[in-house]
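The values are calculated or read from the model by the stated rules, or taken from the named source; none is laboratory data. Because the structure is a prediction, the values reported are computed rather than measured. Every residue, glycine among them, receives a Cβ derived from its backbone with ideal geometry; neighbour counts consider all protein chains shown. Note: accessible area is taken over every heavy atom of the protein model, side chains too, but ligands, DNA and RNA are not part of it. Shrake-Rupley method; radii C 1.70, N 1.55, O 1.52, S 1.80 Å.
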Protein chains: 2
Amino acid sequence: MSDDDPKPARGRPRTMNAEKVLDVAMTAYWQSDPADVSVNAICQMASISKPSLYREFGSEDGLSRAVLDRYAEQVLSEVFVALDGGQGLRQTLAALIDFASADPRMETGCLFYKMRAGKHRLGPETRTRVEEIDGAAQAAYAAFLQAARDAGEWPDGLSVDAGAKYLGEQIALAITQRASGEDKARIREMLTLALSVFTRP
Amino acid sequence: MSDDDPKPARGRPRTMNAEKVLDVAMTAYWQSDPADVSVNAICQMASISKPSLYREFGSEDGLSRAVLDRYAEQVLSEVFVALDGGQGLRQTLAALIDFASADPRMETGCLFYKMRAGKHRLGPETRTRVEEIDGAAQAAYAAFLQAARDAGEWPDGLSVDAGAKYLGEQIALAITQRASGEDKARIREMLTLALSVFTRP
DNA sequence: GACATAAAATACCGACCGGTAATAAAATGA
DNA sequence: TCATTTTATTACCGGTCGGTATTTTATGTC
C-alpha cells in the first residue's frame, strides 16, 4: 500500500510531506468537524500551498477519504480487534464501554461518527467509504453477538442483527456525547444501562 | 404574544407575511438541516426579498430563533403534554415510543435535535434557546420519572437524573435515525429495547 | 551554460454566503 | 397635488469557499 516513490531524480524535489498533511487534516477534522474545516485552513495549518494539496489528493473529497482511511487504520482497527478477540460477552462489552466512555482519544468524539452524522455534506468517495466502514462495523458487531449467542445467554426475542445495530448505535451515542462535553461517569452509567439488556437473566 | 399590529395606517402596506416566512423556513430547516439552508434560499422559497426578511427578523440568528420558538410551540409542546399527563410509566413510555418511531412528522427527524446536534453553527440567540429547551426537556423527563418512581417500580441503583438523561437521549437517537431513513420497525424495536430497562422486574 | 522536468507559490476564478445602502413603489394626510 | 411615511426591491459589499491557470524555483541532464 505504501511506497510508489521511484525517486523521480529529476525536477524540483518535493518538500510536501503527505503523511504530515494527513495528520494535520485528521487532527483538525477530528477535533472540530469535517464540515467546519476548509481546505484553505488545512493548507495553512500544514504550511503548504493549495495546489500542492490538490496535486496530492485531487480534491477535498480525495483528502477527506484519505483521512478517513488513515483514521480507520489507526483507530477503528482497534475496535475491530477487540470485537474479534474471542473474549466473553461481558468482558468485551466492558472493554467497549471503557473505550467509549473513558478512552482519552475519544474526548472530542469519533471522526468516523462525525463523518457519518454529516454524510450528506461529504463528497462521493468519502461517503461511499463511510458506508463501507459502517457496514463492516455492523457485520463485526453481529459476528461478535452471534458468537456470544452460540455460547449461551441471550435475551429472548431479539435478533442478532437488531442487537448488533443497537450495540453500534449505543456506542456511537456515547462517544458523540463525549464530544459535547458530557461527564464521563454519566456517559459510562448510561452506556452500561443501555448495554445491560444483553446481560440480563 | 401575538398582535402588535396597531394598523400603521400610513405608508406602503406590507405584503410580507411573517407567519408564512416562518412556515417556509421551518419546513426547510426541518426537512434538511438549518446549516444547509441559506437565508437566500429561504427568501426565494418564500418569494420575498432579503431586506424584508432582515427587517422582520434582524438576522439569520433571529430568524432561526423565531423558527425554533414556533417549532417548540407547535411540535415539542405535545411531548411535554404527554409527559405531564399523569399516565402510568408503561403507558407514557409506549406513547413516547410511538411518537419517536412512528409519528409521520418525525419522518425527517426533529428540528430541535438537528439544531442541538449542530449547536456550534447557530447564532447566540438560537443557541441559548436550544439550551433552554434542552434543560426544560430534561426537567420534564425527570419529573415524569420521579412520579413513576414514587408510584412504585424503579430499577435499583439508578438516579432519576441519569434516567431522565438516558430517556431523552434514547428518544433523540431514535428520531435521528428516522431522519437517516432507518426502518421504522427497527427503530421501534431498538427504542423499546433501550427503554425496557425502566420496566424490568 | 542551456534545456528539460517536476514541484512550488502566487494570484486568480466564479459561486455563494450573510448583510446593507440606495432607491422605487404604494399608501395616507394636508 | 404634493409631501410624508412605510414597505419592497435592486444592486451591491466584503469575505470565504473549492478549485485552477500561471509563473517561479529547484533540481538533473546534456
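Listing for the model above:
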| quantity | calculated |
| --- | --- |
| Any hit, segment A:51-73, residues being under 30 Å from A:V197 (Cβ atoms) and within 21 Å of the chain's Cα centre (by Cα) | yes |
| In segment B:81-97, the residues that are in a helix (DSSP H, G or I), without any contact (Cβ under 8 Å) to a residue 60 or more places away in the chain and surrounded by 13 or more Cβ atoms within 10 Å (Cβ to Cβ) | B:A82, B:T92, B:A94, B:A95 |
| A:G58 surrounded by 13 or more Cβ atoms within 10 Å (Cβ to Cβ) and without any contact (Cβ under 8 Å) to a residue 12 or more places away in the chain | yes |
| Yes/no for A:E169 being outside any helix (DSSP H, G or I), within 11 Å of chain B (Cβ to nearest Cβ) and open to solvent by less than 60 Å² (accessible area, probe 1.4 Å) | no |
| Filter result (outside any helix (DSSP H, G or I) and surrounded by 15 or more Cβ atoms within 10 Å (Cβ to Cβ)) within segment B:17-45 | B:S32, B:D33, B:V37 |
| Options B:M115, B:M106: the member that is closer than 26 Å to A:K119 by Cα, open to solvent by less than 40 Å² (accessible area, probe 1.4 Å) and within 16 Å of DNA strand C (Cβ to nearest atom) | B:M115 |
| Test: residue in segment B:63-80 that is within 14 Å of chain A (Cβ to nearest Cβ), away from DNA strand C (no atom under 13 Å from the Cβ) and surrounded by fewer than 18 Cβ atoms within 10 Å (Cβ to Cβ) | no |
| B:Y29 vs. criteria in contact with a Lys or Arg (Cβ under 9 Å, 6 or more places away or on another chain), farther than 30 Å from B:D150 by Cα and among the hydroxyl-bearing types (S, T, Y) | yes |
| Filtered residue count, segment A:172-201, keeping only those that are facing chain B (nearest Cβ under 9 Å) and part of a loop (DSSP other than H, G, I, E, B) | 3 |
| Segment B:117-134: number of residues that are part of a helix (DSSP H, G or I) and either within 22 Å of B:A179 (Cα to Cα) or within 14 Å of chain A (Cβ to nearest Cβ) (or both) | 10 |
| Per-region count, segment B:135-166, residues facing chain A (nearest Cβ under 9 Å) and hydroxyl-bearing (S, T, Y) | 2 |
| Every pair of residues 6+ apart whose Cβ atoms lie under 7 Å, when the first sits in segment A:35-48 and is farther than 15 Å from A:D23 by Cβ and within 14 Å of chain B (Cβ to nearest Cβ) while the second is of a type in the set (D, E, K, R) and more than 7 Å from DNA strand D (Cβ to nearest atom) | A:A35/A:R121 |
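Residues checked against (1) farther than 30 Å from B:A162 by Cβ; (2) within 15 Å of the chain's Cα centre (by Cα):
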{"site": "A:L89", "(1), (2)": "no, no"}
{"site": "A:L93", "(1), (2)": "no, no"}
{"site": "A:M106", "(1), (2)": "no, yes"}
{"site": "A:L111", "(1), (2)": "no, yes"}
{"site": "A:G118", "(1), (2)": "no, yes"}
{"site": "A:G123", "(1), (2)": "yes, no"}
{"site": "A:E132", "(1), (2)": "yes, yes"}
{"site": "A:R149", "(1), (2)": "no, no"}
{"site": "A:S159", "(1), (2)": "no, no"}
